[in-house]
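The structure appears right after this line, and notes come after that.
The values are calculated or read from the model by the stated rules, or taken from the named source; none is laboratory data. Being a predicted model, the structure only gives us computed values, none of them experimental. For neighbour counting, all protein chains shown are included, and Cβ atoms are generated from backbone atoms with ideal geometry for every residue, glycine included.
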2 protein chains.
Amino acid sequence: MKDSINVGIFGLGNVGMGVVRLLEKNRADIEKRVGKPVRIVKAVVANPKKDRGADLSGMMVDTDPGHILDDPKIDIVLELIGGLTLAEDIILKALEKGKSVITANKALLAEKGRIIFPAAYDAAGCFGFESSVGTAVPIIRTLRESFAGDDILSISGIINGTSNYILTRMTHDRLSFDEALKAAQGMGLAEADPTLDIRGIDAAHKLIILMNIAFNGVFDLSELYTEGIFGITAADINYTRQLGYTIKHMGKAKKTDQGIEARVHPVLVKKDHLLSSVNGAFNAISVLGEFMGPSILYGLGAGPGPSAVGVAGDLIEACRYILTGQQRPISPFSIPLENWLPVKTVPMAEIRTEYYLRFPVLDRLGVLAFISKVLSENRISVRSVIQEGKPGREESPVDIVIMTHEAVEADVQKALKEINGQPFIAGPTQLIRIEPD
Amino acid sequence: MKDSINVGIFGLGNVGMGVVRLLEKNRADIEKRVGKPVRIVKAVVANPKKDRGADLSGMMVDTDPGHILDDPKIDIVLELIGGLTLAEDIILKALEKGKSVITANKALLAEKGRIIFPAAYDAAGCFGFESSVGTAVPIIRTLRESFAGDDILSISGIINGTSNYILTRMTHDRLSFDEALKAAQGMGLAEADPTLDIRGIDAAHKLIILMNIAFNGVFDLSELYTEGIFGITAADINYTRQLGYTIKHMGKAKKTDQGIEARVHPVLVKKDHLLSSVNGAFNAISVLGEFMGPSILYGLGAGPGPSAVGVAGDLIEACRYILTGQQRPISPFSIPLENWLPVKTVPMAEIRTEYYLRFPVLDRLGVLAFISKVLSENRISVRSVIQEGKPGREESPVDIVIMTHEAVEADVQKALKEINGQPFIAGPTQLIRIEPD
């Protein structure tokens, strides 16, 4: 049996340094679990000279990937650099060389799943990606193993901590979107360029990974309707609060007779719904199984600590297989490659849900009547209306807020197109879909 | 490679029949995951003639345990009969014969962990017990694998669905304890003899199992302070509601410098705490890790469907190891037997927490002053008082409700003993501990 497990790490950023710190702090415990010492012996980073605020004298730091990939003594490779091209190259080469690979790279897994997962399936080493979704929220292993016997009917959740933090600050502290975004950046939760988060792309990456495992196939990111929280205003927060709802950003995938209905966008959640209490940078992922009913997993969705825990769980697992000379008998998806199912998604135009619609209009007589007529002509039934007219201030911009009964997305888009062309419209219509109870 | 996996099942009660139905309904999917058919070929039950409302013609049903245990063709044994002596015998014999074993028997694992876990550790087969705690809530695998890299600081939760259902009905529908218990029995949630649930014993069994895994040793049930919801009254529900709290029944184990502080009893949870929204038969288990922060797993804690999902996850895992001729490299606790830690618990008398105290007293002058004096002499500081006197009706029984600051359990018990001996006391004092935010 080997004397120790040698780990090579790509990337010593927030997540990488979190892993270094965890393995240092919990070294004795992890050795007790695994049976042998686990050591990070090599690191590859862009700038080896950078001060990372920790003693790295135990590892050789270099810029050349071959430093780790070509070293036969390295058992496990941690890919924590993010990005696509280099990360893909590292993962494929490491798997090819029989090393176990652990990655937190949700973008890569979502964009290149058709390449990475088959490679991982064919490889002799383990392939761990628990921290790619919800970091320490143990959703990957749970879907792949604990819930493997049930038929998963839907999976949905709050899977972008940055968006949830921004919405929470807008809701609880009445910040504007820009103020809340700045606060998130100040906390280190949002990047200087927050596009991936506030346009919903990060959540889409994570939902694709969850769908792959829940529905046993590889879904394309392009098939996923994706909308971010960019565009949610303080007015929307206020109206929805009055109506008894909280705005959350969620990803959702649901089995239907027509295929998988999958989408990422802001939603209105009833205030007494459990997910409405998921605040700040927390994530919560809800799984509905035919036999088990609903289940929710909740925890911090980002940060060096939680990410390191996700990576460490996969690392400990890989160590156990390496030290017993065995191969992990479970494929990354729980279902072997040859049994992966063809996947089919439902076009967004065909989905049915309830809608919150806010029309900024000029305060004229007959506007509500016109909007109602167009909605009704498009088979959209109105559940409630808030019209905040200011008496005597005709022609000033006001909001009409309409909550609808269930309607078809294509019908709603058609109606909005007609309404948005009218001269009384003072700004773009806000559309937020409503999450059923 | 084997052509199929043969399963023998002990017990065709609610849980056993749930497993039979799940394996029948999801047969094709499970075969795709595992690679070969999985069949329950034999069952052992007390009464083979009983009509179980399902076609069991595919399996041989008998009353003799040897029917399964002595059959070398049986790969996996499901122990779903519950109880102690016979179940222990079945599990040990099955492990000895190299079969994989899956059990939902929390009482046995809690009472006989020192026998069962080492036997499972030494055995060639797998040993699964995911459904023993929280049924489909994937807490066992999560603690053992996903969170294996973190230092678990505490684990706590609502782990008895029956108690939670009763408290929910008392809170939301203002039922009395007896009415709510009858409703639970009517739903099939509570047994005709509800002792294990309402005395907290079932929750204690589950907490012991969680503590074993979280803290890497085997804890004794006798070391666990255990109190049930028996004794909670509508008056307590009302006062705590006024005070902004919900009464929940929880198990809790926390690392301290003095050892593990572990206890099972009703608690007051602030209304905006996530666990306060866990209603009905749902369970929620909260884990605090040093690196990952708080994490909560939520789902149905009982019932044939969720139990079957827990069993099926373990079953699928065992199949994979059997079919690849490998041994599961992870011990039941995540830490190998030889590294199990000595365990030490903190005596209940030494714990520090806040308290809700309700004193049913005769409405006399000076009673509150006396109670306050005794509390203060015992270093218990009062945070708030509700005294619902009825003017002009002196000597009638009224409640004095006191919320304390943090105090030591031994001091509180000493004070209550002194107060309870007084002639103005009209009934036993109610004590409910308060869960910190």
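Are any of the residues in the stretch B:154-173 crowded, with 24+ Cβ neighbours inside 10 Å, touching a helix residue (DSSP H, G or I) at 6+ places or on another chain (Cβ under 8 Å) and without any contact (Cβ under 8 Å) to a residue 12 or more places away in the chain?
no
Out of the residues in the stretch A:316-332 that are buried (at least 17 other Cβ atoms within 10 Å of the Cβ) and in contact with a Phe, Trp or Tyr (Cβ under 7 Å, 6 or more places away or on another chain), state the one that is nearest to the other protein chains (Cβ to nearest Cβ).
A:Pro329
What's the number of the only condition in (1) closer than 23 Å to B:Ile322 by Cα; (2) within 27 Å of the chain's Cα centre (by Cα) that B:His67 fails to meet?
With respect to (1) closer than 23 Å to B:Ile322 by Cα; (2) within 27 Å of the chain's Cα centre (by Cα), B:His67 is out only on (2).
Restricting to the stretch A:305-315, name every residue that is of a type in the set (Gly, Ala, Ser), in contact with a Leu (Cβ under 9 Å, 6 or more places away or on another chain) and more than 7 Å from chain B (Cβ to nearest Cβ).
Within the stretch A:305-315, just A:Ser307 meets the criteria.
Select from the stretch B:185-221 the residues that are at negative phi, over 17 Å from the mean Cα position of the chain (by Cα) and crowded, with 17+ Cβ neighbours inside 10 Å and list them in ascending order.
Answer for the stretch B:185-221, where residues must be at negative phi, over 17 Å from the mean Cα position of the chain (by Cα) and crowded, with 17+ Cβ neighbours inside 10 Å: just B:Gly217.
Per-residue answers, yes or no, for (1) touching a strand residue (DSSP E or B) at 6+ places or on another chain (Cβ under 8 Å); (2) of a type in the set (Ser, Thr, Tyr); (3) not assigned by TED's automatic domain parsing to the domain that holds A:Arg27:
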site: A:Met211; (1), (2), (3): yes, no, yes
site: A:Phe215; (1), (2), (3): yes, no, yes
site: A:Thr240; (1), (2), (3): yes, yes, yes
site: A:Ile247; (1), (2), (3): yes, no, yes
site: A:Arg263; (1), (2), (3): yes, no, yes
site: A:Asn279; (1), (2), (3): no, no, yes
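Search the stretch B:208-222 for residues that are farther than 18 Å from B:Asn105 by Cβ and pair each with any residue that is polar (S, T, N, Q) when their beta-carbon atoms are under 9 Å apart and the residues are at least 6 apart or on different chains.
Here the result reads B:Ala214/B:Ser154; B:Asn216/B:Ser334; B:Asn216/B:Asn339, each pair linking the stretch B:208-222 to a residue that is polar (S, T, N, Q).
Here is a yes/no grid of residues against (1) polar (S, T, N, Q); (2) more than 14 Å from chain B (Cβ to nearest Cβ); (3) crowded, with 24+ Cβ neighbours inside 10 Å:
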residue: A:Ile139; (1), (2), (3): no, no, yes
residue: A:Arg144; (1), (2), (3): no, no, no
residue: A:Ala148; (1), (2), (3): no, no, yes
residue: A:Asp178; (1), (2), (3): no, yes, no
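Could you run through the stretch A:359-381 and say how many residues are charged (D, E, K, R), in a loop (DSSP other than H, G, I, E, B) and within 14 Å of A:Thr404 (Cβ to Cβ)? Spell out how you get there, then give the answer.
The first filter runs over the stretch A:359-381 and keeps only residues charged (D, E, K, R), leaving A:363-364, A:373, A:377, A:379.
Retained after the next criterion (residues that are in a loop (DSSP other than H, G, I, E, B)): A:363-364, A:379.
Next, only the ones that are within 14 Å of A:Thr404 (Cβ to Cβ) stay: A:379.
Of the residues in that region, 1 qualify.
Among (1) touching a Pro at 6+ places or on another chain (Cβ under 6 Å); (2) in a helix (DSSP H, G or I), which single condition is B:Leu288 missing?
(2)
Exactly one of (1) under 30 Å from A:Ile285 (Cα atoms); (2) away from chain A (no Cβ under 11 Å); (3) not basic (Lys, Arg) is unmet by B:Glu354. Its number?
Of everything listed in (1) under 30 Å from A:Ile285 (Cα atoms); (2) away from chain A (no Cβ under 11 Å); (3) not basic (Lys, Arg), B:Glu354 misses just condition (1).
If we scan the stretch B:385-400, do we find a residue that is out of contact with any Pro (no Cβ under 6 Å at 6 or more places or on another chain), surrounded by fewer than 14 Cβ atoms within 10 Å (Cβ to Cβ), over 30 Å from B:Val101 (Cβ atoms) and modelled with pLDDT of 90 or more?
Within the stretch B:385-400, one or more residues are out of contact with any Pro (no Cβ under 6 Å at 6 or more places or on another chain), surrounded by fewer than 14 Cβ atoms within 10 Å (Cβ to Cβ), over 30 Å from B:Val101 (Cβ atoms) and modelled with pLDDT of 90 or more.
All but one of (1) over 18 Å from A:Ser163 (Cα atoms); (2) more than 7 Å from chain B (Cβ to nearest Cβ); (3) not basic (Lys, Arg) hold for A:Ala302; which doesn't?
Result: A:Ala302 passes all but (1).
Determine if the stretch B:234-243 includes at least one residue that is at pLDDT 95 or above, assigned to a loop (DSSP other than H, G, I, E, B) and either buried (at least 23 other Cβ atoms within 10 Å of the Cβ) or in contact with a helix residue (DSSP H, G or I) (Cβ under 9 Å, 6 or more places away or on another chain) (or both).
no
Within the stretch A:150-168, is there a residue that is of a type outside the set (A, V, I, L, M), in a loop (DSSP other than H, G, I, E, B), within 21 Å of A:Ile81 (Cβ to Cβ) and more than 14 Å from every other protein chain (Cβ to nearest Cβ)? Steps first, answer last, please.
Initially, the stretch A:150-168 is screened for residues of a type outside the set (A, V, I, L, M), giving A:150-151, A:154, A:156-157, A:160-165, A:168.
Adding the requirement that they be in a loop (DSSP other than H, G, I, E, B) leaves A:150-151, A:160.
In the following step, the residues that additionally are within 21 Å of A:Ile81 (Cβ to Cβ) were identified as A:160.
When the remaining residues are screened for being more than 14 Å from every other protein chain (Cβ to nearest Cβ), the result is A:160.
Yes: the stretch A:150-168 contains one or more residues that are of a type outside the set (A, V, I, L, M), in a loop (DSSP other than H, G, I, E, B), within 21 Å of A:Ile81 (Cβ to Cβ) and more than 14 Å from every other protein chain (Cβ to nearest Cβ).
Determine which member of the set B:Ile285, B:Ile296 is at the interface with chain A (Cβ under 7 Å from one of its Cβ atoms) and within 24 Å of A:Pro306 (Cβ to Cβ).
It is B:Ile296.
Could you check, for the stretch A:269-284, whether at least one of its residues is of a type outside the set (A, V, I, L, M), in a loop (DSSP other than H, G, I, E, B), under 15 Å from the mean Cα position of the chain (by Cα) and surrounded by 20 or more Cβ atoms within 10 Å (Cβ to Cβ)?
No, there is no match, as no residue in the stretch A:269-284 is of a type outside the set (A, V, I, L, M), in a loop (DSSP other than H, G, I, E, B), under 15 Å from the mean Cα position of the chain (by Cα) and surrounded by 20 or more Cβ atoms within 10 Å (Cβ to Cβ).
Please go through (1) touching a residue at least 60 places away in the same chain (Cβ under 8 Å); (2) not assigned by TED's automatic domain parsing to the domain that holds B:Ser334 for B:Phe129 and return the number of the only condition it doesn't satisfy.
Tallying (1) touching a residue at least 60 places away in the same chain (Cβ under 8 Å); (2) not assigned by TED's automatic domain parsing to the domain that holds B:Ser334, B:Phe129 fails exactly one: (2).
Any residue in the stretch B:269-281 that's more than 10 Å from every other protein chain (Cβ to nearest Cβ): show its pairings with residues that are surrounded by fewer than 18 Cβ atoms within 10 Å (Cβ to Cβ) and not aromatic (Phe, Trp, Tyr) at Cβ separation under 9 Å, as long as the two are six or more apart or on different chains.
Pairs that qualify, where the first residue is more than 10 Å from every other protein chain (Cβ to nearest Cβ) and the partner is surrounded by fewer than 18 Cβ atoms within 10 Å (Cβ to Cβ) and not aromatic (Phe, Trp, Tyr), are B:Lys270/B:Gly244; B:Lys270/B:Asp437; B:Lys271/B:Arg241; B:Lys271/B:Gly244.
Just a yes or no: is a residue in the stretch B:122-129 within 13 Å of the chain's Cα centre (by Cα) and more than 14 Å from chain A (Cβ to nearest Cβ)? So that I can check it myself, show each step before the final result.
Our first condition is that a residue be within 13 Å of the chain's Cα centre (by Cα); within the stretch B:122-129, this holds for none.
Scanning the stretch B:122-129, I find no residue that is within 13 Å of the chain's Cα centre (by Cα) and more than 14 Å from chain A (Cβ to nearest Cβ), so the answer is no.
Given (1) of a type outside the set (Ser, Thr, Tyr); (2) more than 15 Å from the chain's Cα centre (by Cα); (3) more than 9 Å from chain A (Cβ to nearest Cβ); (4) in a strand (DSSP E or B), where does B:Ala262 come up short, assuming only one miss?
(2)
Tell me whether the stretch A:308-331 contains one or more residues that are assigned to a strand (DSSP E or B) and not acidic (Asp, Glu). Quick ask: steps written out before the conclusion?
Residues of the stretch A:308-331 assigned to a strand (DSSP E or B): none.
No: zero hits.
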